[in-house]
1. With crowded, with 16+ Cβ neighbours inside 10 Å, modelled with pLDDT of 95 or more and assigned to a strand (DSSP E or B) as the only criterion, which of F137, F128 stands out?
2. Take the range 311-334 and flag every residue that is within 17 Å of F367 (Cα to Cα) and among the polar types (S, T, N, Q).
3. Failed condition for W283, given (1) open to solvent by less than 50 Å² (accessible area, probe 1.4 Å); (2) farther than 30 Å from Y216 by Cα; (3) outside any strand (DSSP E or B), with all others met?
4. Just to be sure, is V389 under 27 Å from the mean Cα position of the chain (by Cα) and crowded, with 19+ Cβ neighbours inside 10 Å?
5. Tell me which residues, restricted to the range 99-112, are open to solvent by 60 Å² or more (accessible area, probe 1.4 Å), modelled with pLDDT under 95 and either of a type in the set (V, I, T) or out of contact with any Ser or Thr (no Cβ under 7 Å at 6 or more places or on another chain) (or both).
6. Within the range 318-343, how many residues turn out to be among the hydrophobic types (A, V, I, L, M, F, W, C), surrounded by 18 or more Cβ atoms within 10 Å (Cβ to Cβ) and within 26 Å of the chain's Cα centre (by Cα)?
7. Check L589 against each of (1) buried (at least 17 other Cβ atoms within 10 Å of the Cβ); (2) modelled with pLDDT of 95 or more and name the one condition it does not meet.
8. Go through (1) over 30 Å from K437 (Cβ atoms); (2) touching a residue at least 40 places away in the same chain (Cβ under 8 Å) for G517 and report which single condition fails.
Amino acid sequence: MVARLPGFTLQGGEGTERGFGQASLNILINGRRPSSKSSDASEILRRIPAVTVTRIEIVDGASLDIPGLSGQVANIIATSGTLEGSWRYSARFEEGTEPQLYEGALNLSGKKGQLEYVLGLSVEQFTFTENGPEQYFNGNGTLIENRIEDGAYQNQEPELGLNLTYNRLNGDVANLNLAGSLQNTNSGLNEFFEAVTPQGLSGESRSNTGEDEYKYEIGGDYSTDLSLFGADGRLKLIGLHNLDNSDISNVFEFQVFGAPLQTQRFLRDDVTTEYIARGEYTWKTGGRRDWTASLEGAFNKLDSETALFINDGNAIPDDVQVEEKRVQANVTQSWALNEKINLQTSLGAEYSEIHVVSEAPPARTFFRPKGFISASYTASPRYTWRAKVERSVGQLNFNTFISTVNLVENLENEGNDNIVPEQKWRAELALERKDNKNLSGTVRGYVDFVDDPVDRVIITRAVDGAVLDGPGNLDSALVYGASANLTWLLDDYGLDGMRLEGFGSVSESEIDDPLTGEDRAINSTILWQYSLELRQDIPNSPFAWEAAIEQGRQSPVFRLSDSFDTRFIRPESRLSFIHKDLFGMQWTLDLTNIFDFKTQQERLIFFPNRNGDVVQSRFFSRQRGQRVSISVTDTF
């Protein structure tokens, strides 16, 4: 239901934010912010049975006393009574793969006395195949080797979530959120290669990668009235803990005809944990002003063990332990200047300590100011302007501390013990249009001035002096772009029940290449993307249909001695036919990849590095298979 709101786009979640901190999810459940990091907005909403939703309110984020919210926010008002729920079953079929028959979901909600509960169980499956040719060329552009690639990917993920809310008679509210999931992923790539010239090779290779992962999150909060100062004072205490345990195994076998088999194995075991404690106190003062003072402490930890085996040799191990301790404080003020203008300002700072325990260097400490000012101006019932200027600190990616290898591409990725989170100034301006009978949506422009951007940098390995590359911080970067999210209702044009939804974005970035000194785009950033969905709910019938396409383009990846340029040829596509009441259930038939989606990549290899000459180039084109899916859903 939320996804069908004209011009509204779900955003936020998925655990990418730094701490719990300022809100990024643009949804509220009964006026309250979900105490979750690992679940994105779509996952949270899927656990709420549609039959329990009484209404959805679209409110202005800048008018709320929730730090960080701006733009349109959906407040889902759901009531619980007797046991209610919904279920879904899906099956997918693709030529050359086993049928996916074990995907579904069950969501329950209810109320017993003052206790409300929402339970969600889901099992997701995803499988696809890719195949096609690859060609190797020497530095002069002469074809030296032909290859045929055959790849497959499989993923299964059962997930369980439980949300409990206890509403005390005195107005206190307690929430407990539990979520856990298991994930099994397997991918393989078989290659057969044949020499065209003596510079090429003839033989075959096989790569198999498997990952077993389990993760869980425990989150909760308790809010109570507390009169310290101002009016309507309320204290909210929040606690959160999550853990992610991942075991990865990669085996690569390579054999040139007439030569011995070469085998490499790379094993990796990662455990990441996070603990967060947060307190928020909100109050009101005259002039319709809402205040929030918050204090947050966080502890993040990574334990990683890797081992590389070459043929029958002994393991080449590497263990990494990283810890980050952080505390931050913010004061936020929200107020309405008049009926048309809302403002929200926040001022704060964080103090953090990063310690690479496995290398035993002294801990590094940082003090970083942060904050924002956002405003909205309702120019008319149809148009609203929004503006925001923010200083933020990005989430630290612990994977950048780990040294890894890509066995198929024969590449090393050196970990970096000195990496720090990105910081940036962002300024954005948006125009929203609301029209329940015509065109609605948001057009937005932004510019980011980034300090300590993370990109590929040159690293000299201390053990042997080898010059490698890996993730690291550069001095600065500039990112700017624009996006539009629009919904066009077509009933007034003689197309009853039809709507067109579209999203598109373009962006540019500028960063100084650490090797060549030239100005280029940041590695692997989105240059442009679009998605279109046309849907018609046929009037006076249970039938509906949808057609959707999407496509995007990313900037190339530049390494010390290589560059990779990946393109997606032809858009991903889907055609759906829906019957809303067949045997009392909704049935959906999906046809996916109608236009034969392809991935193409060109890799250039330089010697001795990218300041030298191209000594080899490689080009592959892989086509993904077409799929048919059937989905059945109902409520009770």
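The values are calculated or read from the model by the stated rules, or taken from the named source; none is laboratory data. Here the structure is a predicted model, which means the values were calculated and not measured. All Cβ positions, glycine included, derive from the backbone under ideal geometry; neighbour counts span all protein chains shown. Just the protein is used for accessible areas: all its heavy atoms, side chains included, with ligands, DNA and RNA removed. Shrake-Rupley method; radii C 1.70, N 1.55, O 1.52, S 1.80 Å.
1. On the way: F128 fails: modelled with pLDDT of 95 or more.
Answer to the check: F137.
2. Passing the criteria: Q328, N330.
3. (3)
4. Working: under 27 Å from the mean Cα position of the chain (by Cα): yes; crowded, with 19+ Cβ neighbours inside 10 Å: no.
The answer is no for V389.
5. To start, the set of residues in the range 99-112 that are open to solvent by 60 Å² or more (accessible area, probe 1.4 Å) comprises 99, 101-102, 106, 111-112.
Imposing the further condition that a residue be modelled with pLDDT under 95 reduces the set to 99, 101-102, 111-112.
Across the range 99-112, the qualifying residues are P99, L101, Y102, K112.
6. 2
7. (1)
8. Unmet condition: (2).
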